[in-house]
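Participant: My structure is below; once you've seen it, I'll send some questions.
The values are calculated or read from the model by the stated rules, or taken from the named source; none is laboratory data. Please read all numbers here as calculations on a predicted model, not as lab measurements. With ideal geometry, Cβ positions are generated from the backbone for all residues, glycine too; neighbour counts draw on all protein chains shown.
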């Protein structure tokens, strides 16, 4: 059987094993993740200055290509690019060429011809950023801002930064991820990042209908009850529940879901007393989390948003320099 | 012109008569006339020196999409029948997924006309089981068969309900026509693009669970038993399906089955980088399924290996994985890939050759796929050791969606003969 790919996903790394795209956590090393977190730490300080800019991407053009609606992620990517001094294009795909029948690849090649240096891509199809990085515009650095159910690696890294700020290390941590794991790109990336960074135990808590097939092979412990799953955890990550899940016979009702898996104060009491509560947003209050918990002292949800800008600055600057190094090396060979 | 041909000193492999011997093959008037000693008064018009080659019946393919009529931007009968004979195939069945759907004698006649004009492989259309493949009304199966359809199929399209499905079987049975089934439960497979398993979970792609196939296989077998219809289950992908068919055969049901080449070679693990070359349906499944399919071929439970050749234009594979079209252009690569599986010991050569010649011919109830005296002289001359590099330019199929581009493979057909006529000669193609 011919081997198709190396064990490490080489697509997102340059010949020096540095990031040139950021597509998924899978295939990266612990050092890659730690470098992203350390770099993000240095950018947190930039956000508190009166002049919030560094010149790392000066003269570069970043295109935000959001094929799926998003407010928070797109805004923080835009702010991150601007704080790195890049020129930013926000392309509203629903009103743009693909709705006039132009194919995705033709549209992206046109943007590449306009010398855009980086694409930040959100797409409803799993693997869309891989496809763009591999087949369409290999000279452009591609950052995955969420693809289908596959990955949301910058969200996972800002969550890791938030955990590190509060817990200082990953060793010994028990982390529970609760809710719709099946449809969650965030959960997949978080699980990979937590395992890579050395968390002691990653748990998923959900009914079977909201778990991906063979989820046990992801390196997680599976619980179907909050009572057992929440016990002694250091971190609780709640996931958003989409309303359309009721229609596919995955759940009976929001009320039953909240009773069983919603994070209320009494369920949170099962976790360690200093446990932190996270949520990638946007929150459905009263569906997956009680307001008193979302706004309570253990919630770090707003820290996550702040950290999002720093993590995205880190990833964009690292990938851009990795891509430039790769293209320069290509030219030297040629 | 079909003259007298002597194929000298080749290794003649013909599973229809359990033959594997070094000998001479004599062809006259489009038929095999002798193996071994020359018939009286035989003066060869053409002598082919075949020492070191395999001489086999021309390969028979139960499922190759030729895209005509309707999808000529992907391929045509002319382009794909040339690709087929280059791959050593002399008989091809084409499914009714044409536009218009092959649910009338007119479309069947058109396919025959185009095949005649192309003058390469024999092309045997499979008609639609229901009108427009819509799963509601019976097609005119008798007219289709009269026009030359070798069977009828509804492909992966659903039936309105089980009553329609049962009546399709009853009517086909009364007209003595085989139903080619692609077993797949529509609701369970819906939206899926890969095997539902560890890979689909990791990549966040919608899966097609194994039960989408096995439940459909079980349902078709029960209906076939009830109605006594003859069914052929195409492109099995699951270990459990092979088990169900083996059991049905033991109980004497009129059931046959095949497997697509890709499912004998790959598992879903190859998709880990979203490579759309491996987007096929039925999907690539687990290693234990692949092993059971290989064993099924070796044991003879699986009657045939089909190419499941699906040529596409390049844009069909230029999109995020789930949005790409499924299928591989593989008809020119069946031989080298099967040779590789026999070299690695996963397939026995006699079993593999049976599944490519007399096995599928028996499914069609045809005497083709054999070198017995008096049978049509459909012959492939194969060099089993020649290495060649697969490139877009040396694939004659119009579809370049081949997973083996830029890899080196071993083995090829260098001459293909249909009814005593050399329809492919590598030496002439290379000029």
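Participant: Could you tell me which of the residues A:318, A:238, A:278 is assigned by TED's automatic domain parsing to the domain that holds residue A:82 and at pLDDT 90 or above?
Facilitator: A:318
Participant: Okay, next question. Looking only at segment B:282-320, count how many residues are at pLDDT below 95 and surrounded by 20 or more Cβ atoms within 10 Å (Cβ to Cβ).
Facilitator: Qualifying residue count, segment B:282-320: 4.
Participant: Among the numbered criteria (1) over 20 Å from residue B:273 (Cα atoms); (2) out of contact with any strand residue (DSSP E or B) (no Cβ under 9 Å at 6 or more places or on another chain); (3) crowded, with 19+ Cβ neighbours inside 10 Å; (4) within 14 Å of chain A (Cβ to nearest Cβ), which one does residue B:202 miss?
Facilitator: Failed condition: (1).
Participant: Now for a different question. Can you name the residue in segment B:117-144 that is under 20 Å from the mean Cα position of the chain (by Cα) and outside any strand (DSSP E or B) and, of all such residues, is nearest to residue B:60 (Cα to Cα)?
Facilitator: B:121
Participant: Of the residues B:371, B:381, B:333, B:347, which single one is within 14 Å of chain A (Cβ to nearest Cβ), in contact with a strand residue (DSSP E or B) (Cβ under 7 Å, 6 or more places away or on another chain), in contact (Cβ under 8 Å) with a residue 60 or more places away in the chain and buried (at least 18 other Cβ atoms within 10 Å of the Cβ)?
Facilitator: B:333
Participant: Separate question: State all residues of segment B:408-431 that are closer than 16 Å to residue B:87 by Cβ and within 14 Å of chain A (Cβ to nearest Cβ); if no residue qualifies, say none.
Facilitator: Scanning segment B:408-431 gives B:409, B:410.
Participant: I'm trying to understand the selection: among the residues of segment B:387-423, which are surrounded by fewer than 16 Cβ atoms within 10 Å (Cβ to Cβ) and touching a strand residue (DSSP E or B) at 6+ places or on another chain (Cβ under 9 Å)?
Facilitator: Across segment B:387-423, the qualifying residues are B:387, B:388, B:389, B:394, B:406, B:407, B:408.
Participant: May I pose another question? With respect to residue B:339, determine if the residue is under 24 Å from residue B:392 (Cα atoms), surrounded by fewer than 24 Cβ atoms within 10 Å (Cβ to Cβ) and modelled with pLDDT of 95 or more.
Facilitator: yes
Participant: Also, quick follow-up: Answer yes or no: is there a residue in segment B:170-180 that is without any contact (Cβ under 8 Å) to a residue 24 or more places away in the chain and outside any loop (DSSP other than H, G, I, E, B).
Facilitator: Looking for residues that are without any contact (Cβ under 8 Å) to a residue 24 or more places away in the chain and outside any loop (DSSP other than H, G, I, E, B), one finds at least one in segment B:170-180, hence yes.
Participant: Quick one: which of A:310, A:319 is in contact with a helix residue (DSSP H, G or I) (Cβ under 6 Å, 6 or more places away or on another chain) and over 21 Å from residue A:176 (Cβ atoms)?
Facilitator: A:310
Participant: Let me ask something else. Confirm whether residue B:84 is crowded, with 24+ Cβ neighbours inside 10 Å and either in contact with a helix residue (DSSP H, G or I) (Cβ under 8 Å, 6 or more places away or on another chain) or modelled with pLDDT of 95 or more (or both).
Facilitator: yes
Participant: Mind checking which helices (runs of 4 or more DSSP H) fall wholly inside segment B:209-278 and carry at least 3 residues that are modelled with pLDDT of 95 or more, within 14 Å of another protein chain (Cβ to nearest Cβ) and under 19 Å from the mean Cα position of the chain (by Cα)?
Facilitator: B:261-265
Participant: Residues that are touching a residue at least 24 places away in the same chain (Cβ under 8 Å) and under 30 Å from residue B:106 (Cα atoms): find the strands (runs of 3 or more DSSP E) completely inside segment B:28-76 holding 1 or more of those.
Facilitator: Counting at least 1 such residues, we get B:59-61.
Participant: On to the next question. Taking the condition within 22 Å of residue B:62 (Cβ to Cβ), in contact with a strand residue (DSSP E or B) (Cβ under 7 Å, 6 or more places away or on another chain) and crowded, with 19+ Cβ neighbours inside 10 Å, does residue B:255 pass?
Facilitator: Yes.
Participant: Determine, yes or no, whether residue B:325 is in contact with a helix residue (DSSP H, G or I) (Cβ under 9 Å, 6 or more places away or on another chain), surrounded by fewer than 24 Cβ atoms within 10 Å (Cβ to Cβ), under 24 Å from residue B:96 (Cβ atoms) and within 14 Å of chain A (Cβ to nearest Cβ).
Facilitator: When the stated conditions are applied, residue B:325 passes them.
Participant: Give me a count of the residues in segment B:145-168 that are farther than 30 Å from residue B:88 by Cα and either touching a helix residue (DSSP H, G or I) at 6+ places or on another chain (Cβ under 7 Å) or assigned to a loop (DSSP other than H, G, I, E, B) (or both).
Facilitator: 7
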